[in-house]
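*Asks:* Below is one structure. I have some questions about it.
The values are calculated or read from the model by the stated rules, or taken from the named source; none is laboratory data. Computed from a predicted model, the values in this text were never measured in an experiment. Every residue, glycine among them, receives a Cβ derived from its backbone with ideal geometry; neighbour counts consider all protein chains shown. Heads up: the accessible areas ignore ligands, DNA and RNA and are worked out on the full protein's heavy atoms, side chains in. Shrake-Rupley method; radii C 1.70, N 1.55, O 1.52, S 1.80 Å.
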Amino acid sequence: MLLIQDRPIAMNIFLYAPPNWPMPTGFVPHKNDRVTVVHGHLADLLDTVLFRQPELLLVAGFDDAPALLLQLERVAQQMGHTAVLPVFAKPEPAFLLRLMQMGVREVLPPDAALWHEALARVRDRLHSPSPGTPVQRASLKVGFLSAKGGDGCTSLAVNMAAALAKDTAAKVLLLDLSLPFGDADVYLTRKPVEHDLADFCNEVNRLDEALLASMVTPIADNFHFIASPASFEKIMGIEPAQVEQLLAFVSPLYSFILIDLGSNMGPVGLRMWEQLDQAVVLSSVSMPSLRRLNQIKQLWESLGLSAAKLNFAMNRVVGKSDLELTEFQRIYPQKPLHLLPADVPGMKASVVQGTPLVSLQPRSEYTRAVAAWAADWSGQPMKDKSIWQRLRKK
């Protein structure tokens, strides 16, 4: 029996290893821990981990010490909230010294049966902070792009933000940069929005937390919104540098910053690409979307941006379409992050009532798909159905 089996506090654990690396049989975390195993190349470590936001990162199976140190240093610099435990056989003293300088406290042996004590120490350290030390979560900046107009990018951004905000420990900001004339507000509220993006850009040089709080549109206590301007005159006055400055200011204040970029390929939108931790292109199963998806990927790569940061999701996968899903996947072999079911009536009701679908219809298939996706990001597992919910299905 491992010691951590009796500990009630769960952790969000991410294990990153090379392709074809076998999961060790001796690794037995606490039954409530959320463990995600991803195989990838060492050069993609930071981009992948930054996207997932784990409490504990295990890096196993890489035996090139200099290359491993380089990537771990990048992680340590940008993810101080994450405990890092590399797995390495017979580390040299210089290797250990370099890790200590990064703040990495331990190196695990290849025998996974010996990991439990280190995991227990990390658990105690994470959940027993020093008195007066607030527990902080790093900001994750995700941009949502539409392969073509009408693919559902805005509704996904809105519902992802609402789903993430269900974790009351998280603080979420949704920024509508679908210029011109973004319409994320119609999915969120029936009340008029008092301040929009142009107003924030005009005040960005004197912005502080109090002014920010007075200007954002509160959807919930931990869910704030900045709307796209409704007039073309105000849109024309927005400078890319102003938006970049605004993003830099709000980044330390939120757990998640979701940016609806829509089909915006203008100076503001392209400037934001460089600031994102992840970009998600939403595509429908159609030839026009496939063509645009390839164009976005080519543009992304031509700008020298990390390919690991660009992902795509498939929307409205139920029923017939211009191009069958299997044919789409043959032409564009990259695996989508998620498949989202069609829910046209639900989306219409969401717009009519000004309420995100995940709040309006919490039991819908679309809501469950988005909630599962949000759980991947937040590390908070989906809640099981109640007894009443299970009985109703019988």
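*Asks:* Quick one: with all protein chains in place, what share of the accessible area of the chain is carbon or sulfur, to the nearest percent (1.4 Å probe)?
*Replies:* Carbon and sulfur together cover 53 percent of it.
*Asks:* Let me ask something additional. Roughly how large, in nm² to one decimal, is the mean projection of the convex hull of the alpha-carbon atoms in the range 26-147?
*Replies:* One quarter of the hull surface, i.e. the mean projection, equals 9.4 nm².
*Asks:* Still on this model: Could you pull the Cα extents of the range 197-247 along its three principal axes, largest to smallest, in whole Å?
*Replies:* The Cα atoms of the range 197-247 stretch 31, 22, 15 Å along their principal axes.
*Asks:* May I ask you to rank Arg121, Arg105, Arg74 by accessible area, largest first, using a 1.4 Å probe over the protein chains only?
*Replies:* Arg105, Arg121, Arg74
*Asks:* Can you give the angle from 0 to 90° between the axis of helix 116-127 and the longest principal axis of the chain, with both taken from C-alpha atoms, to the nearest 10?
*Replies:* That helix lies at roughly 50 degrees to the long axis.
*Asks:* Can you tell me what share of the DSSP beta bridges in the chain is antiparallel? A percent to the nearest 5 is fine.
*Replies:* Expressed as a percentage, antiparallel bridges in the chain total about 5.
*Asks:* Given a 1.4 Å probe and the protein chains all in place, what does the accessible area of Glu239 round to, in Å² to the nearest 10?
*Replies:* For Glu239, solvent-accessible area is about 100 Å².
*Asks:* Using a 1.4 Å probe and counting only protein heavy atoms, arrange Asp343, Asp47 so the residue with the most accessible area comes first.
*Replies:* Most to least solvent-accessible, the answer reads Asp343, Asp47.
*Asks:* Dividing the convex hull volume of the alpha carbon atoms of the range 228-292 by its residue count, what do you get in Å³ per residue?
*Replies:* Hull volume normalised by residue count: 122 Å³.
*Asks:* I'm checking a number: the convex hull volume of the Cα atoms of the range 122-276, normalised per residue, in Å³. What is it?
*Replies:* Roughly 131 Å³ of hull volume per residue.
*Asks:* Using only the alpha-carbon atoms, how far is helix 65-78 inclined from the longest principal axis of the chain? Give it as 0 to 90 degrees, nearest 10.
*Replies:* For helix 65-78, the angle is close to 50 degrees.
*Asks:* Along the Cα-to-Cβ line of Ala67, 7 Å from the Cα, sits a label point; which residues in the range 31-47 have backbone N less than 19 Å from it?
*Replies:* Inside the label zone: 38-47.
*Asks:* Expressed as an acute angle from 0 to 90° and rounded to the nearest 10, what is the orientation of the C-alpha long axis of helix 93-102 relative to the principal long axis of the chain?
*Replies:* Its long axis makes an angle of about 40 degrees.
*Asks:* If you don't mind, another one. Give the separation of the Cα centroids, the range 338-355 to the range 139-191, in Å.
*Replies:* Comparing the Cα centres of the range 338-355 and the range 139-191, I get a distance of 13 Å.
*Asks:* With N denoting the number of residues in the chain, provide Rg(C-alpha) divided by 2.2 N^0.38 Å, to two decimal places.
*Replies:* For the chain, the normalised Cα radius of gyration is 1.03.
*Asks:* Probe of 1.4 angstrom, ligands and nucleic acids ignored: what's the accessible area per residue over the range 38-173, in square angstrom?
*Replies:* Here the residues of the range 38-173 average 43 Å² of exposed surface.
*Asks:* Ordering Glu194, Glu274, Glu203 from largest to smallest accessible area (1.4 angstrom probe), what's the sequence?
*Replies:* Order by accessible area, largest first: Glu194, Glu274, Glu203.
*Asks:* If each DSSP helix of 4+ residues adds -39,500 (n - 2.57) and the sum is divided by the residues in the chain, what number results at 222 nm, nearest 500 deg cm²/dmol?
*Replies:* -11000 deg cm²/dmol
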